[in-house]
């Protein structure tokens, strides 16, 4: 056991003492917060448009269109329009309006053809392509103007129709042990995505580090010296725990720095306040947060053990690169079922994915972010995950013990099975 501790210290110190670890630990949370706040600091403001309007439509359509498009914006992110009416007809005005656009007197023009009530088609020409928001605003203003005129011609009061078809707003909240929690689908998605992203990034960074460490010792013949003083299973356990401890230390620092920045962001000014959706996503109960961290921890150790098997089996860096993506496929698989997991977290597919050790570290945080998961399922999932880690680490030790003697030859799956049986 003393040898295992020495290996853990060596692997931990080698990574924590590096400059890359210090820089990455400090910069990552600041970078993520900066990316979140950057749109607010820069100002997600709408664009001002100078538009000319030429109309051959029936009387009243042009006035209704101008009134709808020129309404005061509801927020700073909405576009603002200044509409100037130009005498028609449309065909005679096109050339004049094109000349004004080339002279940058206007940004574009809108034409209401005479058959707009029948076709519902509005013409737009601009110096630049219209943005999605602008096309949406033009469509909304044209729809309102045309529908209003159609209703009046039918003898129906447009205001009465608008009141009858007014959309219903959903006041959404979850009932938890802490009471009602505001949030919704976006907050759920953010929580699930952040946890899944964190597991993937840390596994990719530090799991690959385990693989390369094992491969380096194997190719440099250091393993043969080590094997004379320590058992292969103990060596693998020391490497996995040592590298994993560095990963855990980095995540703990990230969480602490993020919590400080989030809780103190209001002191820097209103522009530095996080959006409500982000705050709601970060508002996780302590027990749930502990489980999320536990799944991250166990998921990392499971895939670190798998990467250790890869490192012990392959004979070169090139071969390892071709195999490591295959090892990550089970972790990516739950993302393919993201819609199913978020829409029906207690359904059969999410339940199975939450129990299988290779997919549960990503699936269970998504499910817990969406709905309370039965404690029995969580307990079974964790037991299976612990068993998966123990099994993968045991196999890694067996493969490593035989793999150090097999160099220069690609290993097949059948040979790996024979190595495990023979070791």
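Any read-out appearing in this document is the output of simple, stated calculations on the displayed coordinates, not a laboratory observation. All values reported here derive from a predicted model rather than from experimental measurement. Positions of Cβ are generated from backbone atoms using ideal geometry, with glycine treated the same way; all protein chains shown enter the neighbour counts.
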### Task
May I ask for the distance between the Cα centers of the range 9-33 and the range 364-401, given as a whole number of Å?
27
## Note on the structure
Listed with the fewest Cβ neighbours within 10 Å leading, 239, 398, 104 appear as 104, 398, 239
### Summary
Using alpha-carbon coordinates alone, the radius of gyration and Dmax of the range 48-162 in Å work out to 14.2, 45
### Query
So how do 197, 28 line up by other beta-carbon neighbours within 10 Å, fewest first?
197, 28
### Query
What order do you get for 200-209, 287-296 when each peptide is scored by the mean count of other beta carbon atoms within 10 Å, highest first?
200-209, 287-296
### Query
By counting other Cβ atoms within 10 Å of each Cβ, how are 341, 156 ranked from fewest to most?
156, 341
### Task
For the range 48-162, calculate the relative contact order in percent as a whole number, restricting contacts to Cα pairs under 8 Å that are 6 or more residues apart.
32
### Message
Using the basic label-point model (7 angstrom from Cα toward the beta carbon), what is the residue 143 to residue 3 distance in nanometres?
### Response
7.2
